[in-house]
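Take a look at the structure below.
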Amino acid sequence: MEQRVRIAIAGALGNLLEWYDFGLYGLLAPVLAERFFPAHDRVAALLAVYGGFAAGFAMRPLGAWWLGQLGDRRGRRSVLILSVTLMGLATTVVGVLPTYAQAGLAAPVLLILVRLFQGISVGGEFVDSVTYLVESSSVRHRGIAGSVANIGSTAGMLLAAGVSSLVLSGHGHGDWRIAFLLGGVVAGAAYFVRRGLPETPVAASAVRNEAPLRQAIRRQPWLLLATLAFTSGYGIVNYLSMVFLPAWAHEFHGMAEAQALRLNTAGQGLALFVVPVAAWLSDRWITRRALLALTFAAEAGLTWEAYRLAGTGTAGFWAAQLAFAFLLAVVMGTAPAMLAEQFPPGYRVSAHAVAFNLGIGVAGGTAPMIAVALIHASGSPMAPAIYQAAACALAAVAALALHNRSREALD
């Protein structure tokens, strides 16, 4: 029992750090735009900050390739330790960077460079930890085990939302540095817990391929594409509904930043309870593939109305944010184990990591920036609703193309 608890904590802490930092960067975009970019054009500065958000995600496939290879060749444990060390370093550095007023153009350049480095460092964190958790679990508990990573990521987003709300409520937004430095503390705790973990039995006995990703491309190209389509839709929905929506309500409908983030925090709190329940349901009552397809189809149908409500004021935003948080939490409780079940152990981390980070990283990471560009091009603040509904439809269809191994033993 003690070992299972340690494994769960180790998996949760790294993902808490990863999503705390990325959530913090997205939610504090208005503050970072003021600090790191020229102030004469507010929309241009906001686009630049979201561009940095996207740049970090765009580097995640490179990190996925590198850390995925390590995970398949040297074992899952080695990546757990390396990734959390690199993530903690990058998060801490953001908290000590000079601002535009202090360093001029060097400030945004340094910020983007740190985001690029961090994108590489987190490329294998989520997938490797999910793989470790799932491979360490029995068939009847894989959904719950995989969901631990997203419980950690939800807690990280919850912490980011809460800390961001405090920063935005303070005079002059002066505490933003402390918010990032807190990530270094989380990284230290995660490293301490992870360094004593054993390797998973599946990974310890797996055949080591010299080129795991090449094996995946040659043997299961269509499965890789289906996984990529699913994670792309998932990523867009994730970042539009839980990161972009508060900034959208503030920038385009005049809602106070702190108020929008407090409501976002409530949505994250709801998700923290829904994630394990959805995971349990996928283990015992409904297959993961069916639950994922149904959830994304339902969200596709209500997205337009949710955005319309979110723009009407506090009550409407409350309803939209909680609805999005609930549906996303169902996905977050179900998808980790589902994706880990798709590939054999010899290239499980590499294939999953590359597909996940191309989808979440490229499609999801660029979603806020594309949403702002769509509003600018169309002149309508409702443009992101169409974009998000299309992403939901893509994810629903792609889920049906994935293997359904919810009740099967892993290799």
All positions within segment 338-370 that are crowded, with 24+ Cβ neighbours inside 10 Å, closer than 21 Å to VAL237 by Cβ and in contact with a Pro (Cβ under 7 Å, 6 or more places away or on another chain) | VAL354, ASN357, GLY361
Hey, can you tell me all the residues within segment 120-143 that are more than 22 Å from SER83 (Cβ to Cβ), in contact (Cβ under 8 Å) with a residue 60 or more places away in the chain and surrounded by fewer than 24 Cβ atoms within 10 Å (Cβ to Cβ)?
-> VAL139, ARG140, HIS141
Considering only segment 309-321, how many residues are surrounded by 14 or more Cβ atoms within 10 Å (Cβ to Cβ), in a helix (DSSP H, G or I) and among the small types (Gly, Ala, Ser)?
-> 4
With respect to GLY88, is the statement that it is assigned to a helix (DSSP H, G or I) and buried (at least 23 other Cβ atoms within 10 Å of the Cβ) true?
-> yes
Any chance segment 7-15 includes a residue that's crowded, with 18+ Cβ neighbours inside 10 Å, touching a Phe, Trp or Tyr at 6+ places or on another chain (Cβ under 9 Å), of a type in the set (S, T, N, Q) and not in a loop (DSSP other than H, G, I, E, B)?
-> yes
Determine whether segment 72-84 contains at least one residue that is over 21 Å from the mean Cα position of the chain (by Cα) and of a type in the set (Asp, Glu).
-> yes
How many residues does segment 257-272 contain that are surrounded by fewer than 22 Cβ atoms within 10 Å (Cβ to Cβ) and at pLDDT below 75?
-> 1
If we scan segment 69-76, do we find a residue that is assigned to a helix (DSSP H, G or I), aliphatic (A, V, I, L, M) and within 15 Å of ALA351 (Cα to Cα)?
-> yes
Give the residues of segment 93-111 that are part of a helix (DSSP H, G or I), surrounded by fewer than 18 Cβ atoms within 10 Å (Cβ to Cβ) and not small (Gly, Ala, Ser), sorted by residue number.
-> GLN102, VAL109, LEU110
Options VAL127, VAL193: the member that is within 23 Å of ALA55 (Cβ to Cβ), among the β-branched types (Val, Ile, Thr), assigned to a helix (DSSP H, G or I) and in contact with a helix residue (DSSP H, G or I) (Cβ under 9 Å, 6 or more places away or on another chain) = VAL127
Criterion: part of a helix (DSSP H, G or I) and within 20 Å of the chain's Cα centre (by Cα) - qualifying residue of VAL148, VAL167 | VAL148
Give me the pairs, please: first residue somewhere in segment 165-189 and within 16 Å of GLN118 (Cβ to Cβ) and surrounded by 15 or more Cβ atoms within 10 Å (Cβ to Cβ), second residue anywhere and of a type in the set (Phe, Trp, Tyr) and modelled with pLDDT of 75 or more, beta-carbon distance under 8 Å, and either six or more positions apart or on two chains.
-> LEU182/TYR20; GLY183/TYR20; VAL186/TYR20
Quick one: which residue in TRP248, TRP280 is surrounded by fewer than 17 Cβ atoms within 10 Å (Cβ to Cβ) and either in a helix (DSSP H, G or I) or among the charged types (D, E, K, R) (or both)?
-> TRP280
Taking the condition in a helix (DSSP H, G or I) and more than 15 Å from the chain's Cα centre (by Cα), does ALA306 pass?
-> yes
When you look at ARG60, is it surrounded by 20 or more Cβ atoms within 10 Å (Cβ to Cβ), charged (D, E, K, R) and touching a Ser or Thr at 6+ places or on another chain (Cβ under 8 Å), yes or no?
-> no
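So that you can scan it fast, the table gives a plain yes or no per residue for (1) without any contact (Cβ under 8 Å) to a residue 12 or more places away in the chain; (2) more than 15 Å from SER147 (Cα to Cα); (3) not small (Gly, Ala, Ser):
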| position | (1), (2), (3) |
| --- | --- |
| ALA306 | no, yes, no |
| THR314 | no, yes, yes |
| TRP318 | no, yes, yes |
| PHE324 | no, yes, yes |
| LEU328 | no, no, yes |
| ALA335 | no, no, no |
| ALA340 | no, no, no |
| PRO344 | no, yes, yes |
Qualifying position, being within 22 Å of the chain's Cα centre (by Cα) and closer than 30 Å to ARG308 by Cα, among ALA385, ALA353 = ALA385
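The values are calculated or read from the model by the stated rules, or taken from the named source; none is laboratory data. Since the model is a prediction, treat every value here as computed from it, not as a measurement. Heads up, the Cβs are rebuilt from the backbone with ideal geometry, glycines too, and the neighbour counts pull from every protein chain shown.
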